[in-house]
Amino acid sequence: MSETQVRNEAAAHALTDPGTAAGDLIQRPALSQTRLEAHVLTEDIGGDRDEVRVLHERYDNLHKRSHNVEWRTATALRGKSSVATMLAELADLGFAWRDVARLVGVSVPAIQKWRRGEKASGDSRLKVASLLAACDVVAQHYMVDEIASWFEMPLVASAPVTPLDLYAAERVDLVFEFASGHADPEALLAEFDPDWRERYRSGFEVFQASDGQRSIQMKD
């Protein structure tokens, strides 16, 4: 056997013998296969995750668009009723006149005039119909009881922002998203007001007093 053949056999032995230092530095075939499979799995999952993200965004946008189309259609149907009739229905739902006035963008005296049968502008009629239609969408799709009270409910306990605020700011899309329960309320707040955490941060905290009762104190 030549000197070259001897060296080659020695090198081959070092690569395959787990007891040698060289063998310790080189992964065994089984481990290499495991790493390869894991790599492929990671790539596949990453690709699927990207597809799911794209699909989520697509269907999220479609859902918002379908909400808007249904709301506009319901508004057209509601607008066939007189303003006085629509206001009576809002009152039956439990809305206070100050809230109706705020959501429609007029004064309370204007609401009172319409209730007595005085004529409202076409734009005002549309706004009253839009509010009633929004209530229809929320109640019919998301099984909301006592919808006027629901409109007054804060999105989160740490901020006083309610669906009333969202609607008055012409963000009815966020009203529908909150009603659906598909979105994190804090994420909706962030979209509505990116500075909401700082804006509504309290200088107080709740703690358990020595008598076992919960109390409030200033934060350190």
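Would you confirm, using the coordinates I've provided, whether HIS67 is of a type outside the set (A, V, I, L, M), under 30 Å from LEU126 (Cα atoms), part of a helix (DSSP H, G or I) and at pLDDT 80 or above?
yes
Identify, from the list LYS119, LYS127, the residue that is over 26 Å from GLU70 (Cβ atoms) and basic (Lys, Arg).
Answer to the selection: LYS119.
Tally the residues that are over 32 Å from the mean Cα position of the chain (by Cα) and part of a helix (DSSP H, G or I), restricting the search to the range 103-131.
Qualifying residue count, the range 103-131: 9.
Please go through the range 178-196 and give me each residue that is under 11 Å from VAL156 (Cα atoms) and part of a loop (DSSP other than H, G, I, E, B), ordered by number.
ASP184
Consider only pairs whose beta carbons are under 9 Å apart and that are at least six residues apart or on different chains; among these, list those whose first residue lies in the range 135-154 and is within 15 Å of ASN68 (Cα to Cα) and free of Cβ contacts under 8 Å to residues at least 60 places away in the same chain and whose second residue is charged (D, E, K, R) and assigned to a helix (DSSP H, G or I).
CYS135/GLU89; HIS141/GLU70
Scan the range 118-138 and give yes if some residue there is surrounded by 12 or more Cβ atoms within 10 Å (Cβ to Cβ), among the charged types (D, E, K, R) and out of contact with any helix residue (DSSP H, G or I) (no Cβ under 6 Å at 6 or more places or on another chain), otherwise no.
no
Can you tell which of ALA110, ALA148 is out of contact with any Gly (no Cβ under 7 Å at 6 or more places or on another chain) and surrounded by 16 or more Cβ atoms within 10 Å (Cβ to Cβ)?
Criteria check complete, one pass: ALA110.
Tell me whether the range 81-102 contains one or more residues that are part of a helix (DSSP H, G or I), in the same structural domain as ASP173 (by TED's automatic domain parsing) and touching a residue at least 60 places away in the same chain (Cβ under 8 Å).
yes
Run VAL104 past the list (1) modelled with pLDDT of 95 or more; (2) surrounded by fewer than 21 Cβ atoms within 10 Å (Cβ to Cβ); (3) in contact with a Lys or Arg (Cβ under 9 Å, 6 or more places away or on another chain) and report the number of the one that doesn't hold.
VAL104 satisfies all of (1) modelled with pLDDT of 95 or more; (2) surrounded by fewer than 21 Cβ atoms within 10 Å (Cβ to Cβ); (3) in contact with a Lys or Arg (Cβ under 9 Å, 6 or more places away or on another chain) except (2).
Please determine, by comparing only the residues of the range 106-115 that are touching a residue at least 24 places away in the same chain (Cβ under 8 Å) and of a type outside the set (Val, Ile, Thr), which one is nearest to ALA88 (Cα to Cα).
Looking at the filtered set, the residue picked out is ARG115.
The values are calculated or read from the model by the stated rules, or taken from the named source; none is laboratory data. Every value quoted in this text rests on a predicted model; they were computed, and no experiment measured them. Ideal geometry is used to build each Cβ from the backbone, glycine not excepted, and the neighbour counts take in all protein chains shown.
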